[in-house]
Amino acid sequence: PAAIRRADYRPPTFTVDAIRLEFDLDPAETIVTAELSLRCLTETAFPLHLDGEDLTLLELSLDGTALDPAQHVDGAGRLVLHELPPRAVLRTRCRIAPEANSRLTGLYLSNGIFCTQCEAQGFRRITFFPDRPDVLATYDVTVRADAGSCPVLLSNGNCVDRQSLPDGRHMARWQDPFPKPSYLFALVAGRLDRLADTFTTRSGRQVDLHLYVEPGQAARAHCAMAALKQSMAWDEARFGLEYDLDIFNIVAVADFNSGAMENKSLNIFNAKYILADEATATDTDMELIEGVVAHEYFHNWTGNRVTCRDWFQLSLKEGLTVFRDQEFTADHRSRAVKRIRDVRTLRARQFPEDAGPLSHPVRPDTYVEINNFYTATVYEKGAEVIRMIHTILGEARFQAGMRLYLGRHDGQAATCEDFVAAMEEASGCDLVQFRRWYSQSGTPRVTAQWHVEGPASGAGPGAGGQALPDGGCLVLTLSQDTPPTADQAEKVPLDIPIRLALLDGEGRPIAAWLEEAADAAPDRSAPGEHLLRLTGPRQRFRFRPAEAQEHAPLPSLNCGFSAPVILHADYGDADDAFLMVRDPDAVNRWEAGQRYATRVLLRMAAAEDPAMAVDGRYVDAFGGLLRDEAMDPSFAAVAMVLPEEGYLADQMAVVDVDGLHAAREAMLRAIALAHRNVLLGMHARLQPARPYRADADQAALRAQRNAALALLGLLTEDAEVQRLVMAHYRDADNMTDRLAALTVLAHHGQEAARNLALADFEERYRGEALVLDKWLAVQAQAPRRDALATVRRLLDHPAFRLSNPNRVYALIGAFAMRNQWRFHAADGGGYAFLAEQVKKLDGLNRQVAARMAGAFGRWQRYDGPRQNLMRAALESIRDMPGLSRDTFEIVNKSLE
Ligand code: HT7
Ligand code: ZN
């Protein structure tokens, strides 16, 4: 399949000002009638092609003159128009088959509910249309369906008519006044319950909020409704952005390829991101729901009112909207913990993408299948790029930039360049070099070295006990380089904003002047903090403290993870042991602990017997964290988690799968053994008051208590501890606690306790598909030698269905992507299993198949025998006859 190139973008030669659509819904044969008001924009080169896929064209007319359908559809399924006046009305009547649509894009059925997914190119599976985001039309949609099976009929905009029809059918007509690209079209019809509420905007508009769910589920939609109202209020308060219609609908469906979709005024969600109550959803689920509801709502301005010119600009809406949803959560919960979670996600998902065969810039240059570009780079790194602009400009100038960008491009399809230009113009800041973040792939490495220079001491090495006399200074040298990536050999220096503080021997920020500050941005950061812009390959920064210092200052670098880089700094174990307790920047406090743990675990993995190489000083330092009762529990909960095996693997030139697993397990066990009583005390002390509340304070207590439980669970032979874990499971009055205990038992429990808990969970939640996904995932991620056999057995469990993406991610995805040790078992069983499943999935749902195939992405980082096994698995997929373009692109790039 041919690659599409950003450089080849051409504006459309004609547009569609308005479209009238009529749907006669039927599971097997739905008839779609479309009337397009076409207008030429330039000298049109004929023939014109309208996108179409899997459509049966029944009738065709141009300005009332019937044309022969057979003469106007080409071999690729597109509609061909040989000639067209400057303005024309094109009418088509097509047949489609929603019940046969297992790809879940276009119009399909989910548990008997008709629903659509049009981003990125699903509208062409509904009717013939220029299915590109820079063609914006108004939509007038009539939906007719059986009144019994489809009492609810929805589309975008306002409902302007509703009537009964003969033969038990009925209709509804919806008009959306805002011109929109086809990817934002939506239709839903089915039997649904509704949760209703209202929101009054700052300017006094009353908006009806309707949340539709499968029958009987409305009681589980309150968390999502509350999140929606909070999002609407927050967008007004922080960004000055109001909702623009009188109705906002959300529909939750069981079968959905991704998390949710921001269709204008009719968001469609994966039920996983709507349905929640304390009995079936964890605190983490609820935070995720809040974030996804907010994200989709925020798209109303960043994505819908201002959309993307072409799909290469995807990060224009996605990076910006992720940044907005991250800030929403940070403003409502712990800012530091939110940032730590986002950094963890970036490192777990985006850094490997940058370092692997699928590497691409935030604004890609080519793609074969656009659905493969909804990536961590476009979303998460894209959000980091926006965050860096925010850091450089500061909140007030950033908001001025937002106002200029949205005001200038409202109702248009824009580019990343338009966004940066608006930010630059509104702020007066120079972002010329900064633009390279959009075009250069790869994760920059920043190396930091420092030494003291002073009249008395002269130059000295590193920080530490050495004094910094009056008139002396600390010299910091920062250098950057970005290693070549699979898609780009040559790299250039980026404009990297580094926030930093200099800490004294107590961990307090020192007041210091930055000399030769020509390349530093104006200081808009917290007191005692500096913002440097590293723009060259190597720069020196001299800091002169206001007062003499007894000890040379220790720099706390990249505070708040101000730039998405890999930092190599002169820290030793003693520095990190100090910083993990004393650094005033919470993200860097966490970072120091992770860096220290990573060094220790890598050393242990390299030892002949990792269990015999446990570093006692790290175990002691960890004890310091545990004994700090003043620590914010939500921070303590993240600080108590060791770096994951996947992250540790990324730090090795050749991954030592078994060594890393043994080292991490040994360290966890050593921590649990050494601090057993402190952990038991923590578990007893942190029990939240009953009754259960889902709020952030209680959630933080549960998180820390469950982190203690996870460590204690390693003490398999300790009868008292094992009784405690069982009681934690049995007495849980919420899913957070029950799942935490189930995980401990399923991963480390003795056989009898493990089987008992898994059987109880299965029985207790029979028929609750979303809850049983947790049960599938816990077993798929178990660090047990029989994990693959269990996963294979679960493929036949009634709770599993290959046609549902949530089930696939819960079982197959969890095994391949979150069970590093077993997926990469030396016998290659994990690889053969994944290849088998990808091949089966490809015929059913190519988007999900392609995502699963991505698990092979970093095969070249493993040892020779594993490489051979993974290459063979990839080749077997590539060579499958009829393989989709989606999966082919991923597999082929991986093999290149
Ligand atoms: N903008 C939405 C992207 C999306 C999507 C992309 C490919 C295939 C299926 C999809 N469903 C939704 C979601 C978002 O980022 O808000
Ligand atoms: Zn989005």
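Here are some notes:
- Scan of the range 287-306 for residues that are free of Cβ contacts under 8 Å to residues at least 60 places away in the same chain and out of contact with any helix residue (DSSP H, G or I) (no Cβ under 6 Å at 6 or more places or on another chain), ordered by number: LEU288, GLU296, ASN300
- Among the residues of the range 659-691, those that are among the charged types (D, E, K, R) and in a helix (DSSP H, G or I) comprise ARG664, GLU665, ARG669, ARG676, ARG685.
- Of all residues in the range 264-323 being touching a Cys at 6+ places or on another chain (Cβ under 7 Å) and polar (S, T, N, Q), the one that is farthest from HIS210 (Cα to Cα): GLN313
- Residue within the range 307-325 that is polar (S, T, N, Q), within 11 Å of ligand 2 (Cβ to nearest atom) and either touching a residue at least 12 places away in the same chain (Cβ under 8 Å) or in the same structural domain as PHE761 (by TED's automatic domain parsing) (or both) present: yes
- Residue within the range 747-765 that is of a type in the set (Ser, Thr, Tyr), surrounded by fewer than 23 Cβ atoms within 10 Å (Cβ to Cβ) and under 24 Å from VAL641 (Cα atoms) present: no
- Selected residue [out of contact with any Leu (no Cβ under 9 Å at 6 or more places or on another chain) and more than 16 Å from ligand 2 (Cβ to nearest atom)] from ARG807, ARG878, ARG822, ARG866: ARG866
- Among all positions in the range 446-469, there is no residue which is away from ligand 2 (no atom under 16 Å from the Cβ) and part of a helix (DSSP H, G or I).
- Filtered residue count, the range 810-832, keeping only those that are surrounded by fewer than 20 Cβ atoms within 10 Å (Cβ to Cβ) and either in contact with an Asp or Glu (Cβ under 6 Å, 6 or more places away or on another chain) or part of a helix (DSSP H, G or I) (or both): 3
- THR345 passes every criterion in (1) of a type in the set (S, T, N, Q); (2) touching a residue at least 40 places away in the same chain (Cβ under 8 Å); (3) away from ligand 1 (no atom under 14 Å from the Cβ) apart from (2).
- Taking the conditions (1) within 27 Å of TYR809 (Cβ to Cβ); (2) more than 16 Å from ligand 2 (Cβ to nearest atom); (3) out of contact with any strand residue (DSSP E or B) (no Cβ under 7 Å at 6 or more places or on another chain) in turn, ASN249 satisfies each one other than (3).
- Residue match in the range 305-316 (condition: within 21 Å of ASN156 (Cα to Cα), buried (at least 22 other Cβ atoms within 10 Å of the Cβ) and within 13 Å of ligand 1 (Cβ to nearest atom)): yes
- Against the numbered list (1) within 16 Å of ligand 2 (Cβ to nearest atom); (2) assigned to a strand (DSSP E or B), PRO133 comes up short only at (2).
So that you can scan it fast, the table gives a plain yes or no per residue for (1) within 16 Å of ligand 1 (Cβ to nearest atom); (2) closer than 23 Å to ARG766 by Cα; (3) crowded, with 20+ Cβ neighbours inside 10 Å:
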position	(1), (2), (3)
ALA221	no, yes, yes
ALA227	yes, no, yes
SER231	yes, no, yes
LEU245	no, no, no
ALA271	yes, yes, yes
GLU290	yes, no, yes
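- Of the candidates ALA34, ALA88, the single residue that is more than 39 Å from the chain's Cα centre (by Cα) and small (Gly, Ala, Ser) is ALA88.
- With respect to (1) within 15 Å of ligand 2 (Cβ to nearest atom); (2) surrounded by fewer than 22 Cβ atoms within 10 Å (Cβ to Cβ); (3) among the polar types (S, T, N, Q), the lone exception for SER334 is condition (1).
- Number of the exception - GLU547 against (1) charged (D, E, K, R); (2) farther than 30 Å from LEU660 by Cβ; (3) modelled with pLDDT of 95 or more: (3)
- When the criteria are applied in full, ARG202 fails the requirement of being in a strand (DSSP E or B) and either within 16 Å of ligand 2 (Cβ to nearest atom) or over 30 Å from LEU62 (Cβ atoms) (or both).
- Of all the numbered requirements in (1) surrounded by fewer than 13 Cβ atoms within 10 Å (Cβ to Cβ); (2) modelled with pLDDT under 90, ALA489 misses one, and that requirement is (2).
The values are calculated or read from the model by the stated rules, or taken from the named source; none is laboratory data. Not measured: the values here are computed from a predicted model. Every residue, glycine among them, receives a Cβ derived from its backbone with ideal geometry; neighbour counts consider all protein chains shown.
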